[in-house]
Amino acid sequence: RANRGAERFTVYQVGQDEAHLRQIRVANRLREAVEAGAFELLYQPKYSLRQARISSCEALVRWQDEELGPVFPDEFIPIAEQTGMITAISEAVLATALADLAMLREHSDGLAVSVNLSGIDILKPPFIDRVIEQVRESGLPASAVVLEITETAMVEDLELARGHLLRLDAAGLALSIDDFGTGFSSLGQLRALPARELKIDRSLVQPLGDRSEDRQIVASTIDMAHHLGLSVVAEGVENMEIVNHLHAMGCDVLQGYFLARPMPAEALAAWLDEPPAQ
Ligand code: C2E
Ligand code: CA
Ligand code: CA
Ligand code: CA
């Protein structure tokens with residue numbers, strides 16, 4: 001018995017060491033990638049049910065490393081956050097997204113872009129200044145730039161985050177609460193933040209087809225968000241059945257593979273010129 005325990009412990013440790021080594025390798029390569037500006041952005045369109053048109057797109061970062069191959073954001077963003085590299089990535093992403101949006105708006109009037117920010121960024125005053133400056137210099141209307149932030153990102157220092165978000169809001173940028181339903185905060189707590197949009201996490205959206213109790217949660221979330229004056233986006237919409245449920249519940253905007261997968265800016269421009277039959 002004692003032996004088996006020891007063996008298991010060893011196996012567990014080896015797994016941990018490997019994961020740790022991988023993190024160090026990713027962090028090292030990431031440092032070079034940040035310097036080389038080696039990130040690409042894909043854009044996933046969002047469909048407004050209210051306006052019956054594509055109203056926006058979300059910028060999603062991609063990194064293809066020479067040695068590591070493709071590394072997905074779910075893996076490298078947390079490492080970038082731990083190693084302090086995240087803010088350089090966020091600034092690069094925003095700069096590219098603004099340039100691409102100017103091009104995309106030639107294909108779709110009034111299109112907006114969403115950029116994902118880390119909670120770490122939101123706590124840094126110089127970053128907030130640069131966001132406002134970058135958007136002003138782009139010449140794009142600030143209201144066409146949406147900043148997506150997760151609720152968990154804000155709990156570290158809610159008062160500081162709130163002050164910064166109010167500055168961004170005053171500068172005209174729109175704030176979106178991302179992944180709603182995965183954290184602990186309630187809509188009541190979010191009332192203190194200058195958000196204009198709520199994104200319901202796909203873990204709540206995807207079971208809509210088969211479980212009626214989930215339907216009730218999503219329906220009341222949408223109603224409460226509307227009472228607070230928030231526009232509601234459902235993410236991870238993969239089939240028509242879920243589209244129908246969300247439409248019946250009064251959801252404002254849909255995003256997911258059912259509409260389109262994330263794609264390069266040039267591909268989105270072509271797609272906007274000739275959207276698939278709806
Ligand atoms: P997120 O912000 O919740 O982004 C949505 C994720 O769901 C994206 O994964 C997208 O490709 C995927 N997705 C979209 N539609 C569907 C669908 O119908 N079904 C399914 N199963 N998935 C769908 P991705 O691009 O791998 O990004 C993962 C996460 O990484 C993002 O989650 C976000 O938290 C983070 N991320 C991505 N880009 C950035 C960025 O530029 N900056 C920061 N800070 N985080 C980013
Ligand atoms: Ca997002
Ligand atoms: Ca999300
Ligand atoms: Ca997510």
### Summary
Other residues with Cβ under 9 Å from the Cβ of residue 67 give, with Lys and Arg +1 and Asp and Glu -1, a net charge of 0
## Note on the structure
Here, segment 156-274 modelled as identical Cα point scatterers in vacuum has Debye log10 I(q)/I(0) at q = 0.23 Å⁻¹ of -1.25
### Summary
Ratio for the chain, C-alpha Rg to 2.2 N^0.38 Å, reads 1.08
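Kindly provide the helix-only [θ] at 222 nm of the chain, computed as the sum of -39,500 (n - 2.57) over DSSP H runs of four or more divided by all residues, to the nearest 500 deg cm²/dmol?
Numbers: 12 runs with 141 residues, N = 278.
Per the formula, -15500 deg cm²/dmol.
Calculate how large, on average over all directions, the projected area of the Cα convex hull of segment 21-70 is; give the answer in nm² to one decimal. It would help to have the intermediate numbers written out before the result.
Details: hull surface 18.2 nm².
Projected over every direction and averaged, the Cα hull of segment 21-70 covers 4.5 nm².
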### Within a Gaussian network of the chain (alpha carbon springs, distance under 10 Å), most fluctuating of 211, 202, 261
211
### Message
At most 16 other C-beta atoms within 10 Å and a DSSP loop state: those are the exposed GluC sites (Glu not before Pro) I care about. Give me the longest piece of the chain that has none.
### Response
107-237
### Task
Quick one: work out the % antiparallel among DSSP beta bridges in the chain, nearest 5.
40
### Query
In debye, nearest 20: dipole of segment 116-229 around its Cα centre with unit charges on the Cβ of K, R (+) and D, E (-)?
220
#### Entry: Charge-dipole axis of segment 152-278 as Lys and Arg at +1 and Asp and Glu at -1 on Cβ define it, positive-most pick from 244, 224, 208
224
### Prolate/oblate/rounded label for segment 44-186 (Cα gyration tensor, a/c 1.5)
rounded
### Query
For segment 133-202 and segment 78-122, what is the separation of their Cα centres, given in Å?
14
### Message
Using DSSP H assignments, which helices in the chain have an axial alpha-carbon span of 15 Å or above and a mean Kyte-Doolittle hydropathy of -1.0 or higher?
### Response
2-36, 86-104, 125-138, 158-170, 212-227
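Read-outs throughout are calculated quantities, based only on the coordinates presented, and are distinct from any laboratory measurement. On a predicted model such as this, the values are computed, not experimentally measured, just so you know. Methodologically, a virtual Cβ is constructed for each residue, glycine included, from the backbone with ideal geometry; neighbour enumeration extends over all protein chains shown.
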